[in-house]
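The structure under discussion appears below in the form of structure tokens.
A short reminder: the numbers here are calculations on the coordinates, not readings from a lab. These figures come from a predicted structure and were not determined experimentally. So basically every Cβ, Gly included, is an ideal-geometry build from the backbone, and we count neighbours across all protein chains shown.
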Amino acid sequence: MTKNKIRQNTGSHEEWLIQSLKKKKEAAAYLQVALDEYQNDDNLEAFLMALRHVAEAQGGLGKLSKKTRLNRESLYKTLSSKGNPKLQTIGILLKGLGFEFFIKAA
């Protein structure tokens, strides 16, 4: 069976992921795991990709751009593998997606 045939029959992982992240609880858990992993291994890229996946699931970067009043092109760069956003920008994005920062004792 070819790769394309398998994909036709099963759909892609990314499609499944985006569908599941439309649910706020799923998205919150996904972001929490990504943040926990960032704290363990300093892999900011994985956290930013998780944030981007949630943004795509919640209506796309265009919608998030309008909601947060952040430039859309800037969002694409920020949520890319080379992104390096300020804490303030991450806070704005989380708020725009309906989430907030939460601090707990380790």
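Brief remarks follow.
- Pair list, Cβ < 6 Å and 6+ apart or interchain, from the stretch 61-72 residues that are on the phi < 0 side of the Ramachandran plot to residues that are β-branched (Val, Ile, Thr) and surrounded by 12 or more Cβ atoms within 10 Å (Cβ to Cβ): Thr68/Ile92
- Given (1) part of a helix (DSSP H, G or I); (2) hydrophobic (A, V, I, L, M, F, W, C); (3) farther than 25 Å from Lys23 by Cα, index of the condition Ala106 fails: (1)
- Search result, residues across the stretch 37-52 that are at negative phi and either assigned to a loop (DSSP other than H, G, I, E, B) or without any contact (Cβ under 8 Å) to a residue 24 or more places away in the chain (or both): Glu37, Tyr38, Gln39, Asn40, Asp41, Asn43, Ala46, Phe47, Ala50
- Considering only residues in the stretch 86-106 that are of a type in the set (Gly, Ala, Ser) and closer than 16 Å to Ser74 by Cβ, the one that is surrounded by the most Cβ atoms within 10 Å (Cβ to Cβ) turns out to be Gly96.
- Residue in the stretch 68-85 that is within 20 Å of Gln19 (Cα to Cα) and either of a type in the set (Asp, Glu) or in a helix (DSSP H, G or I) (or both) present: no
- Filter result for the condition that a residue is assigned to a helix (DSSP H, G or I) and in contact (Cβ under 8 Å) with a residue 40 or more places away in the chain, over Ala34, Ala55: Ala55
- Among the residues making up the stretch 47-94, those that are aliphatic (A, V, I, L, M) and within 9 Å of the chain's Cα centre (by Cα) are Leu48, Met49, Ala50, Leu51, Val54, Ala55, Ala57, Leu79.
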